[in-house]
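I have placed the structure first, in the form of structure tokens, so that the comments after it can refer back to it.
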Amino acid sequence: SPVEAGAAARRPVASAAPAPRPAPAFATAAVLAVFDETHEIRTFRIARPEGFEFRPGQFLTVRVQLDGKAITRCYSISSAPSARGYLEISVRRQGVVSQMLHATLRPGSTLAVRGPAGAFVYPGADERPLVLISGGVGCTPMISMLRHAIGCDPARPIVFLFSAKTEADIAFRHELALIARRHPQVRIVVALTRATGSPQFYAGRIDEKLIRQVVLEPLQSLFYVCGPGPMIDGTKAILKAMGVPGAQVRSEAFAAAVAASRADASPPPESPEPGVPVAAGGARTGVPRLKLAVSGRVVTVAKGQTLLEAAEAASIEIPSSCRGGVCGTCRTRVISGEVECEAEALTTDDREQGYVYACVAWAKGDCVLDI
């Protein structure tokens, strides 16, 4: 049957998700179960540590040991907050850490996790209809929001649009079909970019035609978008052309894992070696220098290397988690110099005061950080 259901009447009063409470820095959690969602995406259910309260859409930070070095990655929580005894993360196999999780985690294993974080969260205090648009593994925070909504906000009109390559790439397929049948306020449509001609699915990418077809009141709805950067940019352009106010469109680029997987696979850079400490005034021609004001150390920054990567290559620690410009853990102030930072989560006030997220910041010349 089609993975689609009709829309329903407007809801009365929204119910808000519980506010998050502070959680321990890292906790050891037991793996309770493992599920394959697709041939690439696997869900890991872990025992929920005490104090790990969260809002739908937030992520966990996972720490693993690889070649004697602690590495952290962030993964969106796919379960709903109402599942009190456990948390689930759904991980696509795309990089050394995710491949390690796929290969080694089994029921009975343990995993080091840090408490939930992230500002891309379910709008519990806003009563407007909600449109959740995702592509690929970007569906993971959206399935958490959807699961929360049908249990705690059951009268809210929701449209769930999910883009995948083929039928084999549809994560949570059977659950989505069940939700569509049992919850008339929800409408679910799956778009396949490599369509097979099946009437169950929309052929092609999520476009203006599809949005106008399934969203009854686009100008009165909230749009949440998560997926690859180009998909987000394209969707935002469509919504802007439709007249949807920018304040009603919220997004989270699923770039952290992709960037990390590229870094994992990239070969060592050619000379000049990035992150090699150099004396003040001793930078090679054309190579930016990064100075750390507190310690007085100076390192070189190779072309294309982030400030975080340059510091790490010189064994200088800047606290970080997501490595995708989302969580803000690596927020650092630039005292002088010109730095390009792509973090959408960075506030206007922070930018004016010189703050950047080091994981998505690149030196355009010599610069000094307040660390």
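Give the residues of the range 205-247 that are open to solvent by less than 20 Å² (accessible area, probe 1.4 Å) and not hydrophobic (A, V, I, L, M, F, W, C), sorted by residue number.
Across the range 205-247, the qualifying residues are 221, 224, 227, 235.
For the range 124-153, give me the residue count where each residue is open to solvent by less than 10 Å² (accessible area, probe 1.4 Å), assigned to a loop (DSSP other than H, G, I, E, B) and either of a type in the set (S, T, N, Q) or in contact with a Leu (Cβ under 8 Å, 6 or more places away or on another chain) (or both).
0
Mind checking which residues of the range 281-326 are more than 30 Å from the chain's Cα centre (by Cα), among the aliphatic types (A, V, I, L, M) and at pLDDT below 90?
283, 287, 293, 294
What is the one condition in (1) more than 23 Å from residue 117 (Cα to Cα); (2) at pLDDT below 90; (3) open to solvent by 30 Å² or more (accessible area, probe 1.4 Å); (4) in contact with a Lys or Arg (Cβ under 8 Å, 6 or more places away or on another chain) that residue 259 does not satisfy?
(1)
For the range 160-182, which positions are in a helix (DSSP H, G or I) and either more than 16 Å from residue 204 (Cα to Cα) or in contact with a strand residue (DSSP E or B) (Cβ under 9 Å, 6 or more places away or on another chain) (or both)? Outline the logic, then answer.
So the first thing to find is which residues in the range 160-182 are in a helix (DSSP H, G or I), and the list is 167-169, 173-182.
Matches in the range 160-182: 167, 169, 173, 174, 175, 176, 177, 178, 179, 180, 181, 182.
Could you check how many residues of the range 38-76 are in a loop (DSSP other than H, G, I, E, B) and touching a helix residue (DSSP H, G or I) at 6+ places or on another chain (Cβ under 8 Å)? So that I can check it myself, show each step before the final result.
Quick first cut of the range 38-76, residues in a loop (DSSP other than H, G, I, E, B) only: 38-40, 48-58, 67-68.
The next check asks that each one be touching a helix residue (DSSP H, G or I) at 6+ places or on another chain (Cβ under 8 Å); those that pass are 38-40, 56-58.
Result for the range 38-76: 6.
Do you know which of the residues in the range 170-183 that are open to solvent by less than 30 Å² (accessible area, probe 1.4 Å) and within 23 Å of the chain's Cα centre (by Cα) is farthest from residue 145 (Cα to Cα)? Don't jump to the end; show me each part of the working.
Initial filter on the range 170-183 (open to solvent by less than 30 Å² (accessible area, probe 1.4 Å)): 170-172, 176-177, 179-180.
Keeping just the survivors that are within 23 Å of the chain's Cα centre (by Cα) gives 170-172, 176.
Numbers: 170: 17, 171: 15, 172: 13, 176: 13 Å.
Here the answer is 170.
Filter the range 70-97 down to the residues that are polar (S, T, N, Q), in contact with a Cys (Cβ under 9 Å, 6 or more places away or on another chain) and open to solvent by less than 20 Å² (accessible area, probe 1.4 Å), then identify the one that is modelled with the lowest pLDDT.
From the range 70-97, those polar (S, T, N, Q) are 72, 76, 78-79, 82, 90, 94; that's our starting set.
Going one step further and asking which of them are in contact with a Cys (Cβ under 9 Å, 6 or more places away or on another chain), we end up with 72, 76, 78, 82, 90.
So of that shortlist, the ones also open to solvent by less than 20 Å² (accessible area, probe 1.4 Å) come out as 76, 78, 90.
Values: 76: 93, 78: 97, 90: 96.
Of everything passing the filter in the range 70-97, 76 is modelled with the lowest pLDDT.
Take the residues in the range 194-222 that are within 23 Å of residue 144 (Cα to Cα) and in contact with a Ser or Thr (Cβ under 8 Å, 6 or more places away or on another chain), then tell me which one is modelled with the lowest pLDDT.
Looking at the filtered set, the residue picked out is 205.
Has the range 154-161 got at least one residue that is open to solvent by 10 Å² or more (accessible area, probe 1.4 Å), modelled with pLDDT of 95 or more and either of a type in the set (Asp, Glu) or touching a helix residue (DSSP H, G or I) at 6+ places or on another chain (Cβ under 6 Å) (or both)?
Checked against the condition, which is being open to solvent by 10 Å² or more (accessible area, probe 1.4 Å), modelled with pLDDT of 95 or more and either of a type in the set (Asp, Glu) or touching a helix residue (DSSP H, G or I) at 6+ places or on another chain (Cβ under 6 Å) (or both), the range 154-161 yields at least one hit.
Regarding residue 46, is this residue in contact with a Phe, Trp or Tyr (Cβ under 6 Å, 6 or more places away or on another chain), modelled with pLDDT of 95 or more and hydrophobic (A, V, I, L, M, F, W, C)? Break it down into steps so the answer makes sense when it comes.
Values: in contact with a Phe, Trp or Tyr (Cβ under 6 Å, 6 or more places away or on another chain): no; modelled with pLDDT of 95 or more: yes; hydrophobic (A, V, I, L, M, F, W, C): yes.
Against the criterion (in contact with a Phe, Trp or Tyr (Cβ under 6 Å, 6 or more places away or on another chain), modelled with pLDDT of 95 or more and hydrophobic (A, V, I, L, M, F, W, C)), residue 46 does not qualify.
The values are calculated or read from the model by the stated rules, or taken from the named source; none is laboratory data. Computed from a prediction, not measured in an experiment: that's the story for all the values here. No Cβ is skipped: glycine too gets one built from the backbone with ideal geometry, and neighbour counts run over all protein chains shown. The accessibility values were calculated without ligands, DNA or RNA, using every heavy atom of the protein model including side chains. Shrake-Rupley method; radii C 1.70, N 1.55, O 1.52, S 1.80 Å.
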